[in-house]
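> Submitted below is the structure of interest, expressed as structure tokens.
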């Protein structure tokens, strides 16, 4: 199966095409421009390089958690392509996709949740060991240090760690730390399911800063 992968959960956007688990093309770009300006050129680039425009079976998209704006742009783009091209869409949890860089290992993907907190989840060989949670970054490091076994930390908040790393905790290699569209696509193939293009939504977990500010100003719960 040939899958176009889209990943926009952090400050870097990536797009990839895989075929039966093999990466045909991938573009990773961190740009001062908005994803809304750069994402489609990346899609066009990998489609051209891979030569798969008329042979794609599905588009896989990272659904979070992560940047609210990035996730919305990535999902909107994936939906538009799936609808226009008449192909399937597959939503992939971001942290699960990140674990795909580390087969046969215990890994803790972390994604910035603002205010020195991170979304995190423990995986071993792509299988979740815990539920998805939000905790202060240093607290996560200390908690993982109390667990049995060796763990790798990856994600976009590793530079914010202020406590010493426990003996059983190491940072992942720099080139494997961030979410990648190729991992999203490969993970999507393993999920063996398709989503409804109209109903697929991002996995936000927490309220956006705008919602939290509204609640603070009005002293009331935010209503959607």
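> Give the residue that is surrounded by the fewest Cβ atoms within 10 Å (Cβ to Cβ), with candidates limited to residues of the range 170-186 that are touching a residue at least 60 places away in the same chain (Cβ under 8 Å) and not in a helix (DSSP H, G or I).
Here is the first cut: in the range 170-186, the residues touching a residue at least 60 places away in the same chain (Cβ under 8 Å) are 172, 176, 178-186.
Still in the running and not in a helix (DSSP H, G or I): 172, 178-180.
On the way: 172: 21, 178: 24, 179: 28, 180: 24.
Checking each candidate, the answer is 172.
> Can you give me the ranges of the strands (runs of 3 or more DSSP E) entirely in the range 1-69 with at least 1 residues that are free of Cβ contacts under 8 Å to residues at least 24 places away in the same chain and either out of contact with any helix residue (DSSP H, G or I) (no Cβ under 8 Å at 6 or more places or on another chain) or buried (at least 23 other Cβ atoms within 10 Å of the Cβ) (or both)? Break it down stepwise before answering.
Numbers: elements: 2-7, 13-19, 22-29, 58-62.
Of the strands (runs of 3 or more DSSP E) lying wholly inside the range 1-69, those with at least 1 residues that are free of Cβ contacts under 8 Å to residues at least 24 places away in the same chain and either out of contact with any helix residue (DSSP H, G or I) (no Cβ under 8 Å at 6 or more places or on another chain) or buried (at least 23 other Cβ atoms within 10 Å of the Cβ) (or both) span 22-29.
> Related question: Name every residue in the range 151-169 that is part of a loop (DSSP other than H, G, I, E, B), over 16 Å from the mean Cα position of the chain (by Cα) and in contact (Cβ under 8 Å) with a residue 12 or more places away in the chain, in order of residue number. Give the derivation first.
Of the range 151-169, the ones part of a loop (DSSP other than H, G, I, E, B) are 156-157, 161-168.
Subset that is over 16 Å from the mean Cα position of the chain (by Cα): 161-168.
Within the range 151-169, 161, 162, 163, 165, 166, 167, 168 qualify.
> In the range 86-102, how many residues are assigned to a strand (DSSP E or B) and surrounded by 21 or more Cβ atoms within 10 Å (Cβ to Cβ)?
To start, the set of residues in the range 86-102 that are assigned to a strand (DSSP E or B) comprises 88-92.
From what's left, surrounded by 21 or more Cβ atoms within 10 Å (Cβ to Cβ): 89-92.
So the count comes out to 4.
> I need the full set of residues from the range 187-201 which are surrounded by fewer than 23 Cβ atoms within 10 Å (Cβ to Cβ), in contact with a helix residue (DSSP H, G or I) (Cβ under 9 Å, 6 or more places away or on another chain) and either more than 11 Å from residue 89 (Cα to Cα) or assigned by TED's automatic domain parsing to the domain that holds residue 118 (or both), in order please.
191, 201
> Yes or no: the range 103-112 includes at least one residue that is in contact with a helix residue (DSSP H, G or I) (Cβ under 8 Å, 6 or more places away or on another chain), crowded, with 16+ Cβ neighbours inside 10 Å and not in a strand (DSSP E or B).
Within the range 103-112, none of the residues are in contact with a helix residue (DSSP H, G or I) (Cβ under 8 Å, 6 or more places away or on another chain), crowded, with 16+ Cβ neighbours inside 10 Å and not in a strand (DSSP E or B).
> Could you check, for the range 52-60, whether at least one of its residues is assigned by TED's automatic domain parsing to the domain that holds residue 199 and closer than 21 Å to residue 158 by Cα?
Initially, the range 52-60 is screened for residues assigned by TED's automatic domain parsing to the domain that holds residue 199, giving 52-60.
Filter once more, keeping what is closer than 21 Å to residue 158 by Cα: none.
Scanning the range 52-60 turns up no residue that is assigned by TED's automatic domain parsing to the domain that holds residue 199 and closer than 21 Å to residue 158 by Cα.
The values are calculated or read from the model by the stated rules, or taken from the named source; none is laboratory data. This one's a predicted model, so the numbers in the text were calculated from it and none came from an experiment. Cβ sites come from the backbone with ideal geometry, for glycine too, and all protein chains shown count toward neighbours.
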